[in-house]
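A.B. asks: My questions all concern the structure below.
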Amino acid sequence: MAQLQSGPVSRYFRENIAAMEGYLPGEQSRDEGTIKLNTNENPYAPSPRVFSALRKAANRSLRLYPEPLSDSLRSIAATTYGVRSMNVLVGNGSDELLSILVRCFVGQGNRVVYPVPTYTLYDTLIAIQGGDKVALDYLPDFALPEALYSQKAALTFLCNPNSPSGTLVSLQEIERLARSVSGILVVDEAYIDFAEAEGVSSISLLQSFSNLVVLRSFSKSFSLAGMRIGLAFAAEEIIAGMIKVKDSYNLNCLSLAAATAALQDLPWMLRNVRRIQRSRKKLTRGLKKMGFQVYPSQANFVMGRKKGQNLRGLYEELKRRKILVRYFDHPGLEDSLRITVGTPQEVKMLLQEMEAIHTNHT
Ligand SMILES: Cc1ncc(COP(=O)(O)O)c(C=O)c1O
């Protein structure tokens, strides 16, 4: 293989790109024997309708470009979530939609505000644009910091339920936030389908706020992380602006077919959500029994904390035993692990291994 030239090329990059760290995704182990509880995937398969739609789409038209605006999916998403097609944009995962939003609304030096700890991709996207990040600490119980309501920002992010805590902010608080922010408010609802209570989605607030954008993902509740599909809901003018920024053919035809079929089989998704909610209770109980503080999670993961203890060792020992959980090497999070809710069997094995590690070390 040819040896390519390497040299000091960082001077060619824009200054902020050369200076920034890239986003570090969770480990993606392909080892069949590993129990993977680190990136909040769904342990259950997608609807069988997805597989037949994929077969049909593959046979029909891989040769042709896909619909540029994903119109058939947009239309069924609009009906499903009670809005109009022009209020929906389909993205290559909600990550792409986040990227489009930051490119639309954040220029050099523009402020972007959000409570932390939260999804760290926001940091990376702002750094790419040279935006000015203002991170405000959540209160100890993961309630919103009061200062969030009085910031003058081009963009405000709220991850709801939040990652890594799993905690949910009420619709009343989001309404107050949408009223008080000066720019765009993005509510990232990647995990909202796992919430117990009904009527917690900010989609219902879109009628009242033209500065609100709500994001959904097919990666979690619909078990389609590998297909990369997300949805943005917002006022028509916002969606029209986002369309100017997106790639022409941002979704491939297989992903479009998969997402459309998944939305046509909501009972399948809801059944899996209920199974995960039951396992979440078991996992929470088990962790509490072992002395962890567990935040009340409305997502498909829980955050377990041993205040003041660095849990890197536990994470590594679990990894040696072929169980992957998420350890964050960030100041203030070293005493916590984020654990995806797996199948009942996976939850049982995790708790057994944790118990065994605990016994060996005492
Ligand atoms: C809070 C949050 N938002 C968005 C995403 C991205 O989801 P997608 O797979 O739809 O790009 C994730 C993925 O883990 C997430 O945790």
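Bear in mind these aren't lab numbers, they're just calculated from the coordinates by the rules spelled out. Remember, it's a predicted structure, so these values are computed and weren't measured experimentally. Ideal geometry is used to build each Cβ from the backbone, glycine not excepted, and the neighbour counts take in all protein chains shown.
A.B. asks: Applying the selection to the stretch 185-220, what residues are of a type in the set (A, V, I, L, M) and surrounded by 23 or more Cβ atoms within 10 Å (Cβ to Cβ)?
C.D. replies: Leu185, Val186, Val187, Ala190, Ile192, Leu212, Val213, Val214, Leu215
A.B. asks: Which residues, counting only those in the stretch 230-285, are outside any loop (DSSP other than H, G, I, E, B) and of a type in the set (Gly, Ala, Ser)?
C.D. replies: Gly230, Ala232, Ala234, Ala240, Gly241, Ser255, Ala257, Ala258, Ala259, Ala261, Ala262, Ser279
A.B. asks: Anything in the stretch 288-328 that is assigned to a loop (DSSP other than H, G, I, E, B) and within 27 Å of Ser221 (Cβ to Cβ)? List them, or say none.
C.D. replies: The answer is Phe292, Tyr295, Pro296, Ser297, Gln298, Ala299, Asn300, Lys322, Val325, Phe328.
A.B. asks: A further question on this structure: Of the residues Gly7, Gly33, Gly26, which is under 21 Å from the mean Cα position of the chain (by Cα), among the small types (Gly, Ala, Ser) and not in a helix (DSSP H, G or I)?
C.D. replies: After applying the criteria, what remains is Gly26.
A.B. asks: Out of everything in the stretch 89-117 that is more than 14 Å from the chain's Cα centre (by Cα) and part of a strand (DSSP E or B), what residue ends up being farthest from the ligand (Cβ to nearest atom)?
C.D. replies: Applying the filter and picking the extreme gives Arg111.
A.B. asks: Quick test of your reading of the structure: Leu125 fulfils all but one of (1) within 12 Å of the ligand (Cβ to nearest atom); (2) not in a helix (DSSP H, G or I). Name the failing condition by number.
C.D. replies: The failed condition is (2).
A.B. asks: While we're on this one: Any chance the stretch 99-108 includes a residue that's under 22 Å from Ser221 (Cα atoms) and either touching a Leu at 6+ places or on another chain (Cβ under 6 Å) or surrounded by fewer than 21 Cβ atoms within 10 Å (Cβ to Cβ) (or both)?
C.D. replies: The answer is yes; a qualifying residue exists.
A.B. asks: Among what's in the stretch 37-52 and is outside any loop (DSSP other than H, G, I, E, B) and under 25 Å from the mean Cα position of the chain (by Cα), pick the residue that is surrounded by the most Cβ atoms within 10 Å (Cβ to Cβ).
C.D. replies: Val50
A.B. asks: Name the residue that is farthest from the ligand (Cβ to nearest atom), counting only residues in the stretch 158-199 that are polar (S, T, N, Q) and part of a loop (DSSP other than H, G, I, E, B).
C.D. replies: Here the residue is Ser182.
A.B. asks: Taking the condition of being over 21 Å from the mean Cα position of the chain (by Cα), closer than 22 Å to Gly199 by Cα and not in a helix (DSSP H, G or I), how many residues in the stretch 66-88 meet it?
C.D. replies: Here the count works out to 3.
A.B. asks: Sort out which residues of the stretch 341-350 are in a helix (DSSP H, G or I) and surrounded by fewer than 18 Cβ atoms within 10 Å (Cβ to Cβ), and write them in order of number.
C.D. replies: Pro344, Gln345, Lys348, Met349
A.B. asks: Does Arg63 qualify as being without any contact (Cβ under 8 Å) to a residue 12 or more places away in the chain and part of a loop (DSSP other than H, G, I, E, B)?
C.D. replies: yes
A.B. asks: Please go through the stretch 224-252 and pick out each residue that is in contact with a Lys or Arg (Cβ under 7 Å, 6 or more places away or on another chain) and away from the ligand (no atom under 16 Å from the Cβ).
C.D. replies: Matches in the stretch 224-252: Val245 only.
A.B. asks: Let me confirm something: among Ser223, Ser297, Ser279, which residue is among the small types (Gly, Ala, Ser), crowded, with 17+ Cβ neighbours inside 10 Å and at positive phi?
C.D. replies: Among Ser223, Ser297, Ser279, only Ser223 is among the small types (Gly, Ala, Ser), crowded, with 17+ Cβ neighbours inside 10 Å and at positive phi.
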